[in-house]
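Engineer: Pasting in a structure now, in structure tokens, and then I'll have a few things to ask.
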Amino acid sequence: MKSFSNKYMLLYALGLAAVVAVLLTLVATSLKPRQQKNQDAEKKQMILKTIGIETSREEAAELFEKNVRIPQKSNGEDDYYLFNGGVIIPLKGNGLWGPIGGYLALDSSFTVVGAVFTHESETPGLGAEIATDKFAQRFVGKQMASQPIVVRKNADHNSINEVDAISGSTMTCNGVSAMMTAAFEHYSHLRKEVNK
Amino acid sequence: MKRIDLIKNPLSKDNPITVQVLGICSCLAVTAQLKPAVVMALSVTVVVALSNLIISLMRNTIPPRIRIIVQLVVVSTLVILVNQILMAFVYDVSKQLSVYVGLIITNCIVMGRLEAFAMSHGPVDSLLDGIGNGLGYGIILVILGFVRELFGRGTLWGYPIFEKLGLYNIGYENNGFIIMAPMALILVGIIIWIQRRNCEKS
């Protein structure tokens, strides 16, 4: 095996780090606007989906303008949204490996009319299943009026606030429950507003 | 060694999972269903092939004492780069792939092949070796994904096959244990068993 001097080794490491850093920065900054556009469109697409409007990413912006209102008082970037008949609240929390989130559309009695969940790095086939329509459908008809929705195993299907968990993804499902509790508390003021 | 063997051997008698016992961790994690197993198999194949090629081109300039770090830097740069480009141009594919990015970088097969093959062979051989090992890994993943999704969930590629066959009506129930990681390990064990038996015979 060839031997290399310490100086060569140090310069090699520095050189490689510099090349990689420049390359990644260039790519990341030059592609940023395109990625941001995709993400924004996807967010609007998800919000529309909670109120039953399936659309492509290209058409999401236009339909969003028509169907969803951002309330005047809303201060944060990702606060709640209003639609004809209720309110859409964002959900944020932690799964097993990383952040999870979603949107919940609630009618005037705070009954769920639609839900969408997302995740960044949950295990494919297990925790990542929260992002499927099948899981989101389980929330429809449940109530957030007097207590938050709980995700648990052997859930009582007739209960107004219990949803069946996914086998093999207890930690992720606990995260969804925690997210519901947080949203329930954070948006308690909306219950009065929507009822007006 | 003939070049065709570089692709053929990892598929059976030099399989990265069942013979070299590399990449077990990710093969337990992503095979609960068939679809993620296939996506993971394809992404690992691309990454192993490309990183093998690049490291092979660089191999004479890399100081041995820092070679692992150099390999790691090349692999992670490659994966991040590919993910960034996918995110900008084919957003849907990148959504599918996003969870695998971390798993690919830490996949033992990638580092294992760089260290065992690319550091001492030419670029063309290394590229073929990468493709072969990626596919060999993929075969096992697909077998596991097929068995686990079919018997654990009664579906294939999300299609409810057992429900359509009416198996639930005659008392069949999904086996929840197959979805768990230990069952994947047991299945890998069974595949190794069958494979060793076949090798002894021939």
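The values are calculated or read from the model by the stated rules, or taken from the named source; none is laboratory data. The model shown is predicted, which means the values in this text are computed figures rather than measured ones. A quick note on method: Cβ atoms are made from the backbone with ideal geometry, for glycine too, and the neighbour counts reach across all protein chains shown. For the accessible areas, the whole protein counts, side chains as well, though only heavy atoms, and no ligand, DNA or RNA atoms are used. Shrake-Rupley method; radii C 1.70, N 1.55, O 1.52, S 1.80 Å.
Engineer: Take each uninterrupted DSSP H stretch in chain B, measure its Cα extent along the helix axis, and return the ones at 27 Å or beyond whose mean Kyte-Doolittle hydropathy is at least -0.5.
Structural biologist: Counting only whole DSSP H runs, the qualifying helices are B:34-58, B:67-89, B:123-153, B:181-201.
Engineer: Quick check: Cα centre of segment B:128-184 to Cα centre of segment A:6-34, how many Å?
Structural biologist: Each part's Cα centre sits 41 Å from the other's.
Engineer: Note every residue of segment B:97-134 with a reduction of at least 20 square angstrom in accessible area, all protein chains present versus the isolated chain, computed with a 1.4 Å probe, or write none.
Structural biologist: B:Val99
Engineer: Roughly how many Å² is the accessible area per residue of the protein assembly as shown, as a whole number, for a 1.4 Å probe?
Structural biologist: Accessible area per residue, the protein assembly as shown: 52 Å².
Engineer: Okay, next question. Strictly over 22 Å apart at the Cα level, which of A:Lys134/B:Lys164; B:Lys13/B:Lys35; B:Lys8/B:Lys201 would you flag in this model? Numbers along the way, then the final one.
Structural biologist: Details: A:Lys134/B:Lys164 17 Å; B:Lys13/B:Lys35 26 Å; B:Lys8/B:Lys201 19 Å.
Checking Cα-Cα distances, B:Lys13/B:Lys35 exceed 22 Å.
Engineer: With no solvent and one point on each alpha carbon, what is the Debye value of log10 I(q)/I(0) for segment B:3-143 at q = 0.17 Å⁻¹?
Structural biologist: -0.88
Engineer: Can I ask one more? How large is the helix-only mean residue ellipticity at 222 nm for chain B, computed as the sum of -39500 (n - 2.57) over DSSP H runs with n ≥ 4, divided by its residue count, in deg cm²/dmol to the nearest 500? The partial results should precede the final answer.
Structural biologist: Values: 9 runs with 141 residues, N = 202.
Using -39500 (n - 2.57) per qualifying helix, the result is -23000 deg cm²/dmol.
Engineer: Which one of A:Leu91, A:Leu11, A:Leu126 has the biggest mean-square fluctuation once chain A is modelled by GNM with Cα springs under 10 Å?
Structural biologist: A:Leu11
Engineer: What quantity of accessible surface, computed with a 1.4 Å probe and excluding non-protein components, is buried in total between chains B and A, in Å² to the nearest 100?
Structural biologist: Roughly 2800 Å² of accessible surface disappears when B and A pair.
Engineer: Select from segment A:1-21 all residues whose loss of accessible area on going from the chain by itself to the full protein assembly reaches 30 Å² or more (probe 1.4 Å).
Structural biologist: For segment A:1-21, once contacts with the other chains are taken into account, A:Met1, A:Lys2, A:Phe4, A:Met9, A:Tyr12, A:Leu16, A:Val20 lose 30 Å² or more.
Engineer: I would also like to ask the following. Using a 1.4 Å probe over the heavy atoms of the protein chains, calculate the carbon and sulfur portion of the accessible area of chain A as a whole percent.
Structural biologist: Result for chain A: 55 percent of the exposed heavy-atom area is carbon or sulfur.
Engineer: If you count, for each residue, the other Cβ atoms within 10 Å and average over each peptide, how do B:164-171, A:36-43, B:46-53 line up from highest to lowest?
Structural biologist: Packing order, densest peptide first, comes out as B:46-53, A:36-43, B:164-171.
Engineer: Ok, one more. Just to be sure I understand the curve: with the Debye formula and one point per C-alpha of chain A, what is log10 I(q)/I(0) at q = 0.10, 0.16, 0.17, 0.18 Å⁻¹?
Structural biologist: -0.51, -1.03, -1.13, -1.24
Engineer: What number, rounded to the nearest 500 deg cm²/dmol, is the helix-based mean residue ellipticity at 222 nm of chain A, given -39500 (n - 2.57) per DSSP H run of at least four residues and division by all its residues? Working shown, then result.
Structural biologist: On the way: 5 runs with 86 residues, N = 196.
Value at 222 nm, helices only: -14500 deg cm²/dmol.
Engineer: What is the mean number of Cβ atoms from other protein chains located within 10 Å of the Cβ atom of each residue in peptide B:34-42, rounded to a whole number?
Structural biologist: 1
Engineer: While we're looking at this one, here's another question. Using a 7 Å offset from Cα along Cα-Cβ at B:Ser12, what residues in segment B:176-197 end up with backbone N under 19 Å from the label point?
Structural biologist: Once the point is set 7 Å along Cα→Cβ of B:Ser12, B:190-197 turn out to lie under 19 Å by backbone N, inside segment B:176-197.
Engineer: Which value, in debye to the nearest 20, describes the size of the charge dipole of segment B:39-163 about its Cα centre when Lys and Arg Cβ atoms bear +1, Asp and Glu Cβ atoms bear -1, and nothing else is charged? Walk me through the intermediate numbers first.
Structural biologist: Numbers: 7 positive and 6 negative charges, 63 e Å.
In debye, rounded to 20, segment B:39-163 gives about 300.
Engineer: Let me ask something additional. Ignoring ligands, DNA and RNA, how do A:His186, B:His121, A:His157, A:His119 rank by accessible area with a 1.4 Å probe, largest first?
Structural biologist: Per-residue accessible area, sorted high to low, gives A:His157, A:His186, B:His121, A:His119.
Engineer: Another question, then. Taking the 0 to 90 degree range and rounding to the nearest ten, how far is the long axis of helix A:170-186 tilted relative to the main principal axis of chain A, both from C-alpha atoms?
Structural biologist: Rounded to the nearest ten degrees, it is 60.
Engineer: Still on this structure, I have one more. How high is the FRET efficiency from A:Asp164 to A:Ser56, r the C-beta distance, R0 25 Å, rounded to 0.05?
Structural biologist: For R0 = 25 Å, the calculated efficiency reads 0.25.
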